[in-house]
Amino acid sequence: MATQRTLSIIKPDAVEQHNIGNILAMIEGAGLSIKAMRMLHLTRPMAEGFYAVHKERPFFGELVEFMTRGPVVVSVLEGDDAIAKYRALMGATNPANADEGTIRKAYAKDVGENAVHGSDGPDTAQTEIRYFFPGYEV
Ligand code: CMP
(Lines give C-alpha, C1' and ligand atoms only; values in the text may rest on other atoms or scores of the structure.)
Protein backbone atom coordinates (compact mmCIF):
# COMPACT_ATOMS: atom_id res chain seq x y z
CA MET A 1 0.00 0.00 0.00
CA ALA A 2 1.25 3.45 -0.90
CA THR A 3 1.85 6.32 1.47
CA GLN A 4 -1.33 8.34 1.94
CA ARG A 5 -2.45 11.44 3.78
CA THR A 6 -5.71 11.86 5.65
CA LEU A 7 -7.41 14.59 7.67
CA SER A 8 -8.06 14.13 11.37
CA ILE A 9 -10.23 16.31 13.58
CA ILE A 10 -10.11 16.03 17.37
CA LYS A 11 -13.62 17.25 18.14
CA PRO A 12 -14.83 19.68 20.85
CA ASP A 13 -15.85 16.90 23.29
CA ALA A 14 -12.34 15.40 23.28
CA VAL A 15 -10.69 18.83 23.59
CA GLU A 16 -12.96 19.75 26.54
CA GLN A 17 -12.07 16.48 28.28
CA HIS A 18 -8.31 17.10 27.91
CA ASN A 19 -7.82 14.18 25.58
CA ILE A 20 -5.80 15.93 22.83
CA GLY A 21 -2.53 14.45 24.10
CA ASN A 22 -3.98 10.97 24.61
CA ILE A 23 -5.41 10.90 21.10
CA LEU A 24 -2.22 12.24 19.46
CA ALA A 25 -0.27 9.55 21.35
CA MET A 26 -2.59 6.87 19.94
CA ILE A 27 -2.14 8.31 16.44
CA GLU A 28 1.65 8.31 16.69
CA GLY A 29 1.59 4.92 18.43
CA ALA A 30 -0.21 3.49 15.39
CA GLY A 31 2.69 4.58 13.19
CA LEU A 32 0.99 7.59 11.63
CA SER A 33 3.02 10.81 11.25
CA ILE A 34 1.54 14.22 12.02
CA LYS A 35 2.52 16.43 9.07
CA ALA A 36 0.53 19.59 9.85
CA MET A 37 -1.67 20.70 12.73
CA ARG A 38 -3.91 23.63 13.76
CA MET A 39 -6.16 24.35 16.71
CA LEU A 40 -9.16 26.48 15.85
CA HIS A 41 -12.73 27.24 16.84
CA LEU A 42 -14.93 26.48 13.83
CA THR A 43 -17.42 29.13 12.78
CA ARG A 44 -20.89 27.98 11.80
CA PRO A 45 -20.20 28.49 8.04
CA MET A 46 -16.94 26.50 8.31
CA ALA A 47 -18.68 23.58 10.06
CA GLU A 48 -21.62 23.69 7.64
CA GLY A 49 -19.23 23.73 4.68
CA PHE A 50 -17.13 20.89 6.01
CA TYR A 51 -20.16 18.68 6.60
CA ALA A 52 -22.11 19.85 3.52
CA VAL A 53 -22.62 16.24 2.35
CA HIS A 54 -24.72 15.67 5.47
CA LYS A 55 -26.90 18.77 5.15
CA GLU A 56 -30.10 16.84 4.43
CA ARG A 57 -29.56 14.47 7.38
CA PRO A 58 -31.81 14.89 10.42
CA PHE A 59 -28.77 15.30 12.69
CA PHE A 60 -27.15 18.10 10.65
CA GLY A 61 -28.22 20.93 13.00
CA GLU A 62 -27.05 19.01 16.05
CA LEU A 63 -23.75 18.18 14.31
CA VAL A 64 -23.01 21.84 13.45
CA GLU A 65 -24.00 22.96 16.96
CA PHE A 66 -21.63 20.40 18.48
CA MET A 67 -18.70 21.11 16.15
CA THR A 68 -18.86 24.85 16.88
CA ARG A 69 -19.22 24.68 20.66
CA GLY A 70 -15.47 24.75 21.36
CA PRO A 71 -12.07 24.44 19.71
CA VAL A 72 -10.99 21.49 17.58
CA VAL A 73 -7.55 20.22 16.53
CA VAL A 74 -7.23 19.48 12.83
CA SER A 75 -4.22 17.63 11.50
CA VAL A 76 -2.83 16.00 8.39
CA LEU A 77 -1.72 12.42 9.06
CA GLU A 78 0.61 10.52 6.79
CA GLY A 79 1.56 6.87 6.59
CA ASP A 80 1.24 3.59 4.81
CA ASP A 81 -2.49 3.08 4.05
CA ALA A 82 -3.18 6.10 6.32
CA ILE A 83 -6.87 6.52 5.46
CA ALA A 84 -7.93 2.96 6.40
CA LYS A 85 -5.39 2.81 9.22
CA TYR A 86 -6.79 5.93 10.88
CA ARG A 87 -10.39 4.78 10.39
CA ALA A 88 -9.51 1.48 12.08
CA LEU A 89 -7.82 3.36 14.92
CA MET A 90 -10.87 5.63 15.38
CA GLY A 91 -13.30 2.71 15.63
CA ALA A 92 -16.99 2.66 14.69
CA THR A 93 -18.86 6.00 14.35
CA ASN A 94 -21.08 4.90 17.23
CA PRO A 95 -18.76 4.19 20.17
CA ALA A 96 -21.21 1.55 21.41
CA ASN A 97 -19.98 -0.52 18.44
CA ALA A 98 -16.30 0.45 18.66
CA ASP A 99 -13.65 -2.20 19.35
CA GLU A 100 -11.34 -2.18 22.37
CA GLY A 101 -8.16 -0.25 21.66
CA THR A 102 -9.86 2.34 19.43
CA ILE A 103 -10.04 6.08 20.08
CA ARG A 104 -13.84 6.12 20.15
CA LYS A 105 -14.03 3.18 22.55
CA ALA A 106 -11.72 5.07 24.91
CA TYR A 107 -12.94 8.65 24.54
CA ALA A 108 -16.28 8.98 22.68
CA LYS A 109 -19.65 9.38 24.38
CA ASP A 110 -22.17 8.62 21.63
CA VAL A 111 -22.75 8.73 17.88
CA GLY A 112 -22.89 12.54 17.92
CA GLU A 113 -20.09 13.34 20.37
CA ASN A 114 -17.65 10.82 18.98
CA ALA A 115 -14.26 12.45 19.71
CA VAL A 116 -12.67 12.29 16.27
CA HIS A 117 -13.23 12.54 12.53
CA GLY A 118 -11.17 10.94 9.77
CA SER A 119 -11.51 11.16 5.99
CA ASP A 120 -13.38 8.21 4.45
CA GLY A 121 -11.48 7.91 1.13
CA PRO A 122 -8.74 9.43 -1.04
CA ASP A 123 -10.98 12.04 -2.73
CA THR A 124 -12.49 13.13 0.58
CA ALA A 125 -9.03 13.26 2.16
CA GLN A 126 -7.83 15.63 -0.57
CA THR A 127 -10.89 17.88 -0.25
CA GLU A 128 -10.79 17.89 3.55
CA ILE A 129 -7.03 18.57 3.77
CA ARG A 130 -7.41 21.50 1.39
CA TYR A 131 -10.37 22.79 3.42
CA PHE A 132 -8.21 23.33 6.49
CA PHE A 133 -4.73 23.58 4.95
CA PRO A 134 -5.17 25.60 1.75
CA GLY A 135 -2.07 25.41 -0.38
CA TYR A 136 -0.84 22.28 1.36
CA GLU A 137 0.57 19.82 -1.18
CA VAL A 138 -1.56 16.67 -0.86
P1 CMP B 1 -17.91 12.09 11.41
O2 CMP B 1 -17.01 10.95 11.10
O3 CMP B 1 -17.29 13.37 11.77
O4 CMP B 1 -18.89 12.32 10.16
C5 CMP B 1 -20.21 12.78 10.29
C6 CMP B 1 -20.62 12.97 11.69
O7 CMP B 1 -22.01 13.09 11.91
C8 CMP B 1 -20.23 11.75 12.51
O9 CMP B 1 -18.85 11.66 12.64
C10 CMP B 1 -21.01 11.99 13.78
O11 CMP B 1 -20.35 12.89 14.65
C12 CMP B 1 -22.26 12.66 13.23
N13 CMP B 1 -23.37 11.71 13.21
C14 CMP B 1 -23.49 10.62 12.46
N15 CMP B 1 -24.65 9.99 12.73
C16 CMP B 1 -25.27 10.73 13.68
C17 CMP B 1 -26.50 10.61 14.37
N18 CMP B 1 -27.33 9.59 14.13
N19 CMP B 1 -26.81 11.56 15.28
C20 CMP B 1 -25.96 12.59 15.53
N21 CMP B 1 -24.78 12.76 14.89
C22 CMP B 1 -24.44 11.83 13.99
>> Pairs please, first residue from region 87-102 and closer than 16 Å to Phe59 by Cβ, second anywhere and open to solvent by 20 Å² or more (accessible area, probe 1.4 Å) and outside any loop (DSSP other than H, G, I, E, B), Cβ atoms under 7 Å, 6+ apart in sequence or on different chains.
In response: Pro95/Lys105
>> Which numbered condition in (1) more than 13 Å from Gly118 (Cα to Cα); (2) away from the ligand (no atom under 11 Å from the Cβ); (3) basic (Lys, Arg) is the only one that Lys85 fails?
In response: (1)
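Kindly establish whether Ala92 is at pLDDT 95 or above, assigned to a loop (DSSP other than H, G, I, E, B) and under 23 Å from Ser33 (Cα atoms). Even if it seems obvious, please write down each step before you answer.
Numbers: at pLDDT 95 or above: yes; assigned to a loop (DSSP other than H, G, I, E, B): yes; under 23 Å from Ser33 (Cα atoms): yes.
So Ala92 passes the test.
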> In region 8-23, which residues are open to solvent by less than 70 Å² (accessible area, probe 1.4 Å) and free of Cβ contacts under 8 Å to residues at least 12 places away in the same chain?
Replying inline: Gly21
>> Which residue is nearest to Leu7 (Cα to Cα), if the candidates are limited to region 99-125 and must be more than 12 Å from the ligand (Cβ to nearest atom) and open to solvent by less than 30 Å² (accessible area, probe 1.4 Å)?
In response: Ala125
> Looking at (1) more than 10 Å from the ligand (Cβ to nearest atom); (2) of a type in the set (S, T, N, Q); (3) in contact with a helix residue (DSSP H, G or I) (Cβ under 8 Å, 6 or more places away or on another chain); (4) open to solvent by 70 Å² or more (accessible area, probe 1.4 Å), which is the one condition that is false for Thr93?
Replying inline: (1)
> Are any of the residues in region 116-123 within 12 Å of Ser8 (Cα to Cα), out of contact with any Asp or Glu (no Cβ under 7 Å at 6 or more places or on another chain) and part of a loop (DSSP other than H, G, I, E, B)?
Replying inline: yes
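Assess whether Met67 counts as being within 11 Å of the ligand (Cβ to nearest atom), surrounded by 15 or more Cβ atoms within 10 Å (Cβ to Cβ) and under 13 Å from the mean Cα position of the chain (by Cα). Please lay out each step first, then the result.
Details: within 11 Å of the ligand (Cβ to nearest atom): yes; surrounded by 15 or more Cβ atoms within 10 Å (Cβ to Cβ): yes; under 13 Å from the mean Cα position of the chain (by Cα): yes.
When the stated conditions are applied, Met67 passes them.
Do we find that Leu77 is within 13 Å of the ligand (Cβ to nearest atom), touching a residue at least 40 places away in the same chain (Cβ under 8 Å) and either buried (at least 17 other Cβ atoms within 10 Å of the Cβ) or part of a helix (DSSP H, G or I) (or both) in this structure?
Values: within 13 Å of the ligand (Cβ to nearest atom): no; touching a residue at least 40 places away in the same chain (Cβ under 8 Å): yes; either buried (at least 17 other Cβ atoms within 10 Å of the Cβ) or part of a helix (DSSP H, G or I) (or both): yes.
No; evaluated as a whole, the condition is false for this residue.
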>> Could you check region 25-53 and list, in sequence order, the residues that are free of Cβ contacts under 8 Å to residues at least 40 places away in the same chain, open to solvent by 30 Å² or more (accessible area, probe 1.4 Å) and either among the small types (Gly, Ala, Ser) or closer than 16 Å to Ile103 by Cα (or both)?
In response: Ala25, Glu28, Gly29, Ala52
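The values are calculated or read from the model by the stated rules, or taken from the named source; none is laboratory data. For clarity, every value in this text was computed on a predicted model and none was experimentally measured. Every residue, glycine as well, gets a Cβ built from its backbone with ideal geometry; the counts of neighbours run over all protein chains shown. Please note that ligands, DNA and RNA were not included when accessible areas were found on the heavy atoms of the full protein model with its side chains. Shrake-Rupley method; radii C 1.70, N 1.55, O 1.52, S 1.80 Å.
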